[in-house]
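Readers should treat all values here as calculations from the given coordinates under stated rules, not as data from a laboratory. The model shown is predicted, which means the values in this text are computed figures rather than measured ones. Here the Cβ positions follow ideal geometry from the backbone for every residue, glycine too, while neighbour counts run over all protein chains shown.
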């Protein structure tokens, strides 16, 4: 499906914001550089999310430049793409390049140039522009190039050329746009979540005591790629036994043992969009009593958070709802001492739960797994702490991922040691509350056990 019009509309919307803010200016957005892994080998290339959001172009070595002008409801946008030129010799080795000749029609860009002309053309495009919108302080190299471009413009002052006098962070504008997903984005994320759900089912069904964590990771990767996703959205977590209490544990060589839990936090990236699912299940297919008790508490906490994920509530309300259920569960199971704490409210106020639950329940999800967008309401003249928490609106996408992690300790019942549980789903906020797009994989403990029956 040709999505050219979607990217054109995004550039137009960005231009309108710039016009409202400064009356006009120039936008410079560069894609991510290629990164060396080791000698003669590079990491698989992944474009910059902001650049892709505005262009749909995935090749390295590219820069988008937009000149924005006009007044009132009339605005002029002139988009220039600088990309790698066609090079038959390099294309034999590295793959076919789109090239500037085809870029205008394929990408719906007004002008396209070789990236070798960037430094020369930028001095022309910057001339007589009052404001520059660019990613500020992104890297030493980007700062160096901006200084070089500005120096070239300033050298033309005596011929009547005025250099820009204002510099703005373009990320703030783009990230606010990215916070609200359109129908096309939600559709892509829905498909990504469906692939990831199938991968989690595959891992559960193949799991056996005696396997290694990396073998389950291999099953996830197989399903991701076999279903057409281009990459993982993040490094997969496959954590068994005591490893399940390490939040960002990477799949290792630990043997999966009967009687222990396995926590998998894994999601694919499809067409530039992430999915993010966590499930926790018994290695042998049957929860023990203590495991089931904490699992049911965690699931109840997630359900409480889901109920609060709706238009008009703040970003923090799902977390607060989950926290209340988790903390009450810790008191019920005697992992927290009610006699010492006095009440549920005091246990929450003193953050006694943090020993067993140390992260937030949600984060934004989109092109990046920890997606961009402010968690506070935009408010001029206020510090970040003074701004109220973001109010959820239609089109926002968040994860809902409560957890409990019990490490060995003298004051904790040994039956709960090394139990780490997290349950995570992806939620699209809509008029009906929210849509859980990742529930293609079971979450109820009975359903998980039924799925794993060998």
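Quick check on segment 20-157: take the gyration tensor over C-alpha atoms, sort the square-rooted eigenvalues as a ≥ b ≥ c, and tell me if it's rounded (a/c under 1.5), prolate or oblate. Please list the in-between numbers first.
Values: a/c = 1.89, a/b = 1.53, b/c = 1.23.
In terms of gyration-tensor shape, prolate.
So what's the convex hull volume per residue for the Cα atoms of segment 229-329, in Å³?
Dividing the Cα hull volume of segment 229-329 by its residues yields 126 Å³.
What does the extension gain come out to for residue 2 and residue 303, with contour length at 0.36 nm per residue minus their alpha carbon separation? Could the numbers behind the result be given before it?
Details: separation 301, 0.36 × 301 = 108.36 nm, distance 3.81 nm.
Additional length available on full extension: 104.5 nm.
Hey, rough spin-label estimate for residue 167 and residue 286, points 7 angstrom out along Cα→Cβ, what's it come to in nanometres?
Label-label distance for residue 167 and residue 286, simple model: 6.6 nm.
In degrees from 0 to 90, rounded to the nearest 10, what is the angle of the helix 140-154 Cα long axis to the longest principal axis of the chain?
Long axis of 140-154 versus the principal axis of the chain: about 20 degrees.
Per 0.36 nm of contour for each residue apart, how much would the distance between residue 76 and residue 345 grow if the chain were fully extended, relative to their Cα-Cα spacing? Before the final figure, lay out the partial values.
Details: separation 269, 0.36 × 269 = 96.84 nm, distance 5.64 nm.
Stretched out fully, the residue 76 to residue 345 stretch lengthens by 91.2 nm.
Percent antiparallel among DSSP beta bridges with both residues in the chain, to the nearest 5? Show your work: numbers first, answer last.
Details: 48 of 59 bridges.
If I count the DSSP bridges inside the chain, around 80 percent turn out antiparallel.
Antiparallel versus total DSSP beta bridges in segment 4-178: what percent is that, nearest 5? Please report the intermediate quantities before stating the final value.
Details: 17 of 28 bridges.
That works out to approximately 60 percent antiparallel.
Got a sec? Which residues in segment 369-396 would a label at residue 430 touch, if it sits 7 Å along Cα→Cβ and we count backbone N under 15 Å?
Within reach of a label on residue 430, which here means backbone N under 15 Å from a point 7 Å along Cα→Cβ, segment 369-396 contributes 393-396.
Apply the a/c threshold of 1.5 to the C-alpha gyration tensor of segment 183-452 and tell me whether it is rounded, prolate or oblate. Working shown, then result.
Numbers: a/c = 1.91, a/b = 1.04, b/c = 1.83.
Note, shape of segment 183-452 comes out oblate.
Post the alpha-carbon centroid distance, segment 45-122 to segment 304-344, in whole angstrom.
Cα centroid of segment 45-122 versus Cα centroid of segment 304-344: 49 Å apart.
Taking Cα atoms, how many degrees apart are the long axis of helix 289-307 and the longest axis of the chain, rounded to 10 and kept between 0 and 90?
40
Rounded to two decimals, what is Rg over Rh for the chain when you use alpha-carbon atoms and the Kirkwood radius?
Working: Rg = 25.3 Å, Rh = 24.5 Å.
Here the Rg-to-Rh quotient is 1.03.
Using alpha carbons only, how many degrees (0 to 90, rounded to 10) separate the axis of helix 316-332 from the longest principal axis of the chain?
Value to nearest ten degrees: 20.
Between residue 410 and residue 384, what FRET efficiency comes out of the Förster formula 1/(1 + (r/R0)^6) with R0 = 35 Å and r the beta carbon distance, rounded to 0.05?
Numbers: r = 40 Å, r/R0 = 1.13.
Rounded to the nearest 0.05, the efficiency is 0.30.
Compute the FRET efficiency between residue 183 and residue 444 as 1/(1 + (r/R0)^6), taking r as their Cβ-Cβ distance and R0 = 41 Å, and round to the nearest 0.05.
On the way: r = 30 Å, r/R0 = 0.74.
Efficiency for this residue pair is about 0.85.
Express in nm, to one decimal, how much length is gained between residue 393 and residue 230 on full extension, taking 0.36 nm for each residue of separation and deducting their alpha carbon distance.
Taking residue 393 through residue 230 to full extension adds about 55.7 nm, to one decimal.
How far is it, in nm, from the label point at residue 43 to the one at residue 92 when both lie 7 Å from their Cα along the line to the Cβ?
Taking the simple label geometry, residue 43 and residue 92 are separated by 3.1 nm.
Going by average Cβ density within 10 Å per residue, which order do the peptides 408-416, 25-33 take, highest to lowest?
Details: 408-416: 11.6, 25-33: 21.7.
Put in order of decreasing packing, that is 25-33, 408-416.
Modelling each spin label as a point 7 Å along the Cα-to-Cβ direction, I'd like the residue 257/residue 144 distance in nm, to one decimal.
Once both label points are built, they end up 5.2 nm from each other.
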